[in-house]
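J.: Take a look at the following structure, please.
The values are calculated or read from the model by the stated rules, or taken from the named source; none is laboratory data. The shown structure was predicted, so the numbers you read here are calculated from the model rather than taken from an experiment. Every residue, glycine among them, receives a Cβ derived from its backbone with ideal geometry; neighbour counts consider all protein chains shown. Side chains are part of the model used for accessible areas, which takes the heavy atoms of the whole protein and leaves out ligands, DNA and RNA. Shrake-Rupley method; radii C 1.70, N 1.55, O 1.52, S 1.80 Å.
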Amino acid sequence: MIYGREQELSYLERLYSKEGLQTCSVKGRRGVGKSSILNQFCIGKRAIDIQFVKDSRADNFDILNIQLSSLLGESLPSYDTLVRYFEEIASYCKEAKTVVVLDEFPYLQECCPEAASVIQRFLDVNVRNTDCMVILCGSVSSVMRYETESMSRPLYGRFENSLTVQPLDIRTCRSFHPEQSVQDQISVYLTVGGIPRFQRKMAYPTYPDCIMNNYVLESADMKDTGPEFIRTEIDNAKDHIAAVSCIANGSVRQKEIAEKLNIDPSYCKKLLDRLEDVKIIGRENPMFGAPKKPVYFIEDNPVAFHFNVVTRIAPMLSGNVKGYRTISHRIDTFLGHRFELLCRDYVLGNYNVTEIGRWWGYSDSEYTDIDVVAKTMDDDGIVRNMFCECKFSSRPMGFGALNTLVSRVEGLRGVDNPVYALFSVNGFDDELREYANDNGIILVDGQTILDWTTTVREANILSDIRSTSPYDFHQNGFSVIAVR
């Protein structure tokens, strides 16, 4: 059972229905569901689905031999060249329309440097005049982009269609946990994001059960998911991991991080740019006079949970944790911060946003901040400034939060047409609801957020979503790029 991938499957089906050879590259982070989508797509079709492994050349040749022998119904010789195996695939493809899935291609390329050239010949010569569909899939997005989009590489221009599988939106993720409360469903999403593999692991009745079984008990296997993801995306990631750790520990500016790591500022910038490129970290956009120097934060939810929570409770993870309450204060702080980012996504997904970020500074001689600040434009062209207070609390929000927000906004300069929005995972008290209804205050509770379908942070106008390709379509947790 896979959830929320109707558009990806529909896109692949449209390609499959066309005449002539069709090619498509499929990429996305590990655990996002690429293989599940392709397995579902291949059901009922004549298909060769080969999944390569991060191992030796001999091991991957054994996989090819076993897979093709089973498909052909006869034992193949143990070929010593990749070309011979692709000749066997080509012979099978010429018999009838076939889908060829080359899953985890970066692993094959790593142990067989000639793989890209062999696949180029396979496409240009062996199956050029067939109605087959060849899909190249991989989790290391940097390798996939380099191999298919760099003009110096053999596969440049060979994969005319590209599908990037994005994390699922929060509405779809509810399907993994129908028995959980609204707060627990949101907590799970804030912890592991829209990664189906992680969502399945969090299939326990309550959020505390999820944390205990996946992060605390000796048998827990999600303790290192943060660093593992960074290593997957970035080679020789030791310094990158150290930079992420600095951000988690409060060093959020480039100068501070460089000093903490005792590295050259220019090298530090390269580390941060690389982490930002693969969406592991992001930058806060300062609004209404907040300090303009970039302030970094950890954007990826599982990575953030590792560095903000797991590493800090690590000394207690050797059997000393008596229950969830032992570590709940640390987790509650984490969830509060991540909820602010989710609320920012909600604003992006529901309003015509021209700029979004946060304000921080002094109000009444006290250093404070406003969780989300956005400039929005009405249908009639009027620009409004939206100010948001976000609370991840077990109790309904009352007037105190609104009064605090209004007080902070009144201390800012240049605020025209202010709009106030309150986000509360457990709703609002009756008095505040009545006042908000009469005075144009926007109220968003946890259930409303769960019911909302979002394009997640990939839709952020401040992110680099402009592709070098002529078409770039983002919707409902995936993107399709059609390359000329």
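J.: Pick from segment 6-28 the residues that are crowded, with 23+ Cβ neighbours inside 10 Å and of a type in the set (D, E, K, R): which of them is modelled with the highest pLDDT?
T.: Only one residue fits best here, namely Glu8.
J.: So, one more: Would you mind stating whether Tyr367 is open to solvent by 20 Å² or more (accessible area, probe 1.4 Å), of a type in the set (Ser, Thr, Tyr) and part of a strand (DSSP E or B)?
T.: Yes.
J.: In the list Leu261, Leu271, which residue meets the criterion of being farther than 26 Å from Ile370 by Cβ and crowded, with 20+ Cβ neighbours inside 10 Å?
T.: Testing whether each residue is farther than 26 Å from Ile370 by Cβ and crowded, with 20+ Cβ neighbours inside 10 Å leaves just Leu271.
J.: Please pick out the residue among Asn403, Asn417 that is modelled with pLDDT under 90, surrounded by fewer than 14 Cβ atoms within 10 Å (Cβ to Cβ) and not charged (D, E, K, R).
T.: Asn417
J.: Return yes when Gln199 is out of contact with any Asp or Glu (no Cβ under 7 Å at 6 or more places or on another chain), of a type in the set (S, T, N, Q) and not in a helix (DSSP H, G or I) and no when it is not.
T.: no
J.: Out of curiosity, is Phe307 in contact with a strand residue (DSSP E or B) (Cβ under 9 Å, 6 or more places away or on another chain), in contact (Cβ under 8 Å) with a residue 24 or more places away in the chain and closer than 22 Å to Arg338 by Cα?
T.: In short, yes.
J.: Would segment 40-51 turn up any residue that is open to solvent by 40 Å² or more (accessible area, probe 1.4 Å), closer than 21 Å to Ser141 by Cα and part of a loop (DSSP other than H, G, I, E, B)?
T.: no
J.: I've got another one for you. So is Phe307 within 17 Å of Gly357 (Cβ to Cβ), open to solvent by less than 50 Å² (accessible area, probe 1.4 Å) and not aliphatic (A, V, I, L, M) or not?
T.: Considered against the rule, which asks whether it is within 17 Å of Gly357 (Cβ to Cβ), open to solvent by less than 50 Å² (accessible area, probe 1.4 Å) and not aliphatic (A, V, I, L, M), Phe307 comes out as no.
J.: Just to check your reading of the model, which residue among Thr225, Thr232 is crowded, with 17+ Cβ neighbours inside 10 Å, out of contact with any helix residue (DSSP H, G or I) (no Cβ under 6 Å at 6 or more places or on another chain) and not hydrophobic (A, V, I, L, M, F, W, C)?
T.: On inspection, the qualifying residue turns out to be Thr232.
One line per residue, one yes/no per condition, for (1) closer than 24 Å to Tyr16 by Cβ; (2) modelled with pLDDT of 95 or more; (3) not small (Gly, Ala, Ser):
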{"site": "Glu114", "(1), (2), (3)": "no, yes, yes"}
{"site": "Leu123", "(1), (2), (3)": "yes, yes, yes"}
{"site": "Met151", "(1), (2), (3)": "no, no, yes"}
{"site": "Phe198", "(1), (2), (3)": "no, yes, yes"}
{"site": "Thr206", "(1), (2), (3)": "no, yes, yes"}
{"site": "Asn214", "(1), (2), (3)": "no, no, yes"}
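J.: Additional query: When residues of segment 244-258 are filtered for being assigned to a loop (DSSP other than H, G, I, E, B), in contact (Cβ under 8 Å) with a residue 12 or more places away in the chain and crowded, with 17+ Cβ neighbours inside 10 Å, how many remain?
T.: 1
J.: A further question on this structure: Search segment 129-158 for residues being charged (D, E, K, R) and in contact with a Leu (Cβ under 6 Å, 6 or more places away or on another chain), and hand back the single one that is nearest to Phe229 (Cα to Cα).
T.: Glu147
J.: Okay, moving on. Applying the selection to segment 141-180, what residues are of a type in the set (A, V, I, L, M) and out of contact with any strand residue (DSSP E or B) (no Cβ under 8 Å at 6 or more places or on another chain)?
T.: Val143, Met151, Leu168, Ile170
J.: Out of segment 301-338, which residues are at pLDDT below 90, hydrophobic (A, V, I, L, M, F, W, C) and in a helix (DSSP H, G or I)?
T.: Passing the criteria: Ile313, Ala314, Met316.
J.: Could you tell me how many of the residues in segment 269-287 are more than 30 Å from Val415 (Cα to Cα) and either assigned to a helix (DSSP H, G or I) or among the acidic types (Asp, Glu) (or both)?
T.: 9
J.: Can you pull out every residue in segment 420-432 that is over 17 Å from Tyr189 (Cα atoms) and crowded, with 16+ Cβ neighbours inside 10 Å?
T.: Selection gives Tyr420, Ala421, Leu422, Gly427, Phe428, Leu432.
J.: I'm trying to understand the selection: among the residues of segment 370-400, which are part of a loop (DSSP other than H, G, I, E, B) and buried (at least 19 other Cβ atoms within 10 Å of the Cβ)?
T.: Result: Phe392, single match.
J.: Let me ask something additional. Any residue in segment 60-75 that is within 27 Å of Ser141 (Cα to Cα) and open to solvent by 60 Å² or more (accessible area, probe 1.4 Å)?
T.: Yes, some residue in segment 60-75 is within 27 Å of Ser141 (Cα to Cα) and open to solvent by 60 Å² or more (accessible area, probe 1.4 Å).
J.: Right, another one. Would you confirm, using the coordinates I've provided, whether Glu110 is at pLDDT 95 or above, among the acidic types (Asp, Glu) and closer than 21 Å to Cys24 by Cα?
T.: Against the criterion (at pLDDT 95 or above, among the acidic types (Asp, Glu) and closer than 21 Å to Cys24 by Cα), Glu110 does not qualify.
J.: Next question. Run down Gly357, Gly349 and say which single residue is part of a helix (DSSP H, G or I) and either under 22 Å from Tyr189 (Cα atoms) or open to solvent by 60 Å² or more (accessible area, probe 1.4 Å) (or both).
T.: Gly349 is the lone residue from the list that is part of a helix (DSSP H, G or I) and either under 22 Å from Tyr189 (Cα atoms) or open to solvent by 60 Å² or more (accessible area, probe 1.4 Å) (or both).
J.: So which residues in segment 197-218 are open to solvent by 30 Å² or more (accessible area, probe 1.4 Å) and of a type in the set (Ser, Thr, Tyr)?
T.: Tyr204, Thr206, listed by residue number.
J.: Hey, another quick one. Among the residues that make up segment 277-289, is at least one of them in contact with a strand residue (DSSP E or B) (Cβ under 8 Å, 6 or more places away or on another chain) and surrounded by fewer than 15 Cβ atoms within 10 Å (Cβ to Cβ)?
T.: yes
J.: Specify the residue that is nearest to Arg128 (Cα to Cα); the eligible residues are those in segment 58-114 that are free of Cβ contacts under 8 Å to residues at least 40 places away in the same chain and small (Gly, Ala, Ser).
T.: Ala90
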